[in-house]
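Taking it in order: structure first as structure tokens, then the write-up.
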Amino acid sequence: MTNRIDLNRVLEELGPRFAGRTDDLDASDAFVAENYEELKAHKVFSALVPQELGGGGATYTEMCAFVRGMAHHCSSTALALSMHMHLVSAAVVNHSAGRPGKKLLEKVAGSEAVLVSTGANDWLESNGEAEKVEGGYRVTSVKPFTSGSPAGAAFVTSAPYHDPEEGWQVLHFPVPTDAEGVVFMDDWRTLGMRATGSQTVRFEGVFVPEEAVVLRRPRGEYHPVWNIILTVAMPLIMAAYTGTAEAACAIARDRSVKRGGDAATPYLLGEMENLLTTAQLALDDMVRITNDFDFEVAQETANAILIRKTIVARHVIAAAEKALEATGGAGFFRKTGLERLLRDVHGAQFHPLTEKRQHLFTGRMSMGLEPIETARKPAMAAK
């Protein structure tokens, strides 16, 4: 059994070094490759894997705190890491419940394999097409937002397949990043989170063996798997943005103390603190609900997480904007560090579910309806 990882010590050692690289990476749109190598050397990618499977045995709460703390030093590293960690988290939950997950966890523990999610833009429908061939499927699709893909070992992805008997389904499966037909688009030129390597990846007839398919679900319908994914993913992802907003607010406090400000400055800082605290409280409650993976896998749990995700996203953006207002013109200069954090934190709004979609999801549940309206299937013609 491996020794239990001390994430606080790792953050203390690596954080300052990562911070020293942040500006250059942001300016050049370069991936945090060197940071990833150091995280691998410290076995961070396997930190959430149970010790009996060769991992670091960290708790989910500890990992959320690590991601949040890392964002104070390098928000792109924190966000990209959260994407890997939510896939590991889902595998831990599945393995604990007797579902497939052990093999993936052992792969991560054995080689610090980086997992890459493609699910942000797939949701219920998925995109692309899976064609049945001998021994498996040929998958053709385009997957954006693949955070960490330059260092990835495997994509955890999906594609729609029209089964001649069951109709439209979505197949879930891993794809090695070096598989034949995988094309990296190198198109990640963005407003913020520029160093996450979240480029678009194209699958051009990639072969997926039948035995690699770990889940089949009806296309376009809300499946219970989302009650796991949403519950474990959103706290980790929002931890990265909360840490980013905390770093922005720290700059505003420091600059305001040094320059003194005017009569309005305490009011601006007071408003900033309220906004930041609202985000922090919502994030802390998300982590509480997930309860180190001891949560009820249910729509109600996912709904509670999504409500708080919207609260966090809205308030980290507002807090960072207020930090800029409190800092004044100095915050407009890159050398202050605030403008990058403000750009980065705006990414929070795009993670699923986006605000209006969350309102719809929650509102339907409040009315006793299914959270997602399923498209009506055409009635069979009368004979």
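Among the trypsin sites (Lys or Arg not before Pro) in segment 107-214, those located in a DSSP loop and surrounded by at most 13 other Cβ atoms within 10 Å of their own Cβ are 189. Note on exposure: 305, 251 ranked by accessible area (1.4 Å probe, complete protein assembly) read 251, 305, with the most exposed listed first.
Label-to-label distance for residue 296 and residue 131 is 4.7 nm, based on points extended 7 Å past Cα in the beta-carbon direction. With all pairs of different C-alpha atoms in the average, the Kirkwood value for the hydrodynamic radius of segment 1-138 is 16.2 Å. Solvent exposure of the chain, expressed per residue, is 46 Å² of accessible area, with all protein chains present and a 1.4 angstrom probe.
Note on surface exposure: 188, 168 rank 168, 188 by accessible area, highest first, 1.4 Å probe. Between beta-carbons, use under 14 Å as the cut-off and find the net charge around residue 338, counting Lys and Arg +1, Asp and Glu -1. So the environment of residue 338 carries a net charge of +1.
For the chain, the relative contact order works out to 16 percent when only alpha carbon pairs closer than 8 Å and six or more residues apart are counted.
In this simple spin-label model, placing a label point 7 Å from the Cα along the Cα-to-Cβ direction at both residue 3 and residue 211 gives a separation of 3.7 nm. Roughly what angle does helix 75-96 make with the longest principal axis of the chain, taking Cα atoms, 0 to 90 degrees, to the nearest 10? Value to nearest ten degrees: 40. Run down the lysines and flag those whose C-alpha is under 18 Å from the C-alpha of residue 40, throwing out any fewer than 8 positions away in its chain. Result set, ordered by chain and number: 107. Mean separation of Cα pairs under 8 Å and 6 or more residues apart, divided by the residue count, gives segment 247-382 a relative contact order of 28 percent. Computed on protein heavy atoms with a 1.4 Å probe, the accessible areas place 84, 223 in the order 223, 84, largest first.
In a reduced charge model with +1 at each Lys and Arg Cβ and -1 at each Asp and Glu Cβ, the chain shows a dipole moment near 560 debye about its Cα centre. Once backbone amide H atoms are built at 1.01 Å from N, residue 157 has 173, 175 as its partners under 5 Å, excluding neighbours fewer than 5 places away on the same chain. Helix 265-290 and the longest principal axis of the C-alpha atoms of the chain enclose an angle of approximately 30°. Computed with a 1.4 Å probe over protein heavy atoms only, the accessible area of residue 265 comes to about 10 Å².
Taking the C-alpha atoms only, the angle from helix 60-71 to the longest principal axis of the chain is near 50 degrees.
Inter-label distance, residue 334 to residue 40: 2.9 nm, where each label sits 7 Å from its Cα along the C-beta direction.
Counting Lys and Arg as +1 and Asp and Glu as -1, what is the net charge of the other residues whose Cβ lies under 11 Å from the Cβ of residue 283? Counting the neighbours of residue 283, the net charge comes to +1. Loop-located GluC sites (Glu not before Pro) in segment 83-134 (DSSP state not H, G, I, E or B) with no more than 15 neighbouring Cβ atoms inside 10 Å: 125, 134. When the Gaussian network model of the chain links Cα atoms closer than 10 Å, the mean-square fluctuations of 302, 250, 91 top out at 250. Comparing 357, 340, 68 in a Gaussian network model of the chain (Cα springs below 10 Å), the most mobile by mean-square fluctuation is 357.
Checking every one of the chymotrypsin sites (Phe, Trp or Tyr not before Pro) in segment 316-357 against DSSP loop status and a limit of 15 other Cβ atoms within 10 Å picks out 333. Please list log₁₀ I(q)/I(0) at q = 0.20 Å⁻¹ for segment 132-280, using the Debye equation with identical point scatterers on the alpha-carbon positions. Debye output, listed in q order: -1.27. Charge tally for residue 155 (other residues, Cβ to Cβ under 15 Å; Lys, Arg +1; Asp, Glu -1): -1. All distinct Cα pairs of the chain go into the 1/r average, and the inverse of that average, the Kirkwood radius, is 21.6 Å. Which whole-percent values make up P(r) of segment 61-184 when all C-alpha to C-alpha distances are grouped in 5 Å steps starting at zero? That works out to 2, 10, 17, 21, 20, 16, 8, 4, 2, 1, 0, in percent per bin. Using a probe of 1.4 Å on the protein chains alone, the accessible area found for residue 177 is around 20 Å². With the largest listed first and rounded to whole Å, the semi-axes of the equivalent ellipsoid of segment 217-372 from the Cα gyration tensor are 35, 13, 13. Note on the chain: antiparallel DSSP beta bridges, both residues inside, total approximately 90 percent of the bridges counted. Based on C-alpha pairs under 8 angstrom that are at least 6 apart in sequence, segment 1-159 has a relative contact order of 22 percent.
The values are calculated or read from the model by the stated rules, or taken from the named source; none is laboratory data. Please read all numbers here as calculations on a predicted model, not as lab measurements. Virtual Cβ from ideal backbone geometry, glycine too; neighbours counted across all protein chains shown. What goes into the accessible areas is simple: the full protein's heavy atoms, side chains included, and nothing from ligands, DNA or RNA. Shrake-Rupley method; radii C 1.70, N 1.55, O 1.52, S 1.80 Å.
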